[in-house]
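Right, one structure below, let's go through it.
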Amino acid sequence: MQQVIKKLRTDDLNQGHCFMIFDDDLPANQAYYEYPDGSIQIEQIDKNNLDIPRSVIKMLTKKEIAAVKEKHEVFRHA
């Protein structure tokens, strides 16, 4: 299953889309969003707002990005 998720991540980023990473340590309705440029943001999902379904809570620093990548399996190479 992890290989499928890793492929989906790569495909999404290569197509210019962001990739969402859930983390149980984040508050409800928040997730990490990785972008093709390598940046990662914490964004809050608003299911009631169809025009702007997500809002940026925080842009992660390089150090914070490294910690997220260390924590989540999807970033690890086979």
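Things to note:
- Residues being assigned to a strand (DSSP E or B) and either more than 18 Å from K63 (Cβ to Cβ) or touching a Gly at 6+ places or on another chain (Cβ under 9 Å) (or both) - total across segment 14-32: 4
- Only one entry in I57, I65 is under 25 Å from M1 (Cβ atoms), hydrophobic (A, V, I, L, M, F, W, C) and not in a loop (DSSP other than H, G, I, E, B), namely I65.
- Taking each residue of segment 1-22 that is within 16 Å of G38 (Cα to Cα) and looking for partners that are small (G, A, S) with beta-carbon atoms closer than 7 Å, six or more apart or interchain, yields M20/A31; I21/A31.
- Subset tally (residues that are buried (at least 16 other Cβ atoms within 10 Å of the Cβ), farther than 18 Å from E70 by Cβ and not aliphatic (A, V, I, L, M)) for segment 13-32: 2
- Yes/no for V74 being in contact with a helix residue (DSSP H, G or I) (Cβ under 9 Å, 6 or more places away or on another chain), in a helix (DSSP H, G or I), touching a residue at least 60 places away in the same chain (Cβ under 8 Å) and surrounded by 10 or more Cβ atoms within 10 Å (Cβ to Cβ): yes
Computed from the coordinates by the stated procedures, all read-outs in this text should not be read as laboratory data. The shown structure was predicted, so the numbers you read here are calculated from the model rather than taken from an experiment. For neighbour counting, all protein chains shown are included, and Cβ atoms are generated from backbone atoms with ideal geometry for every residue, glycine included.
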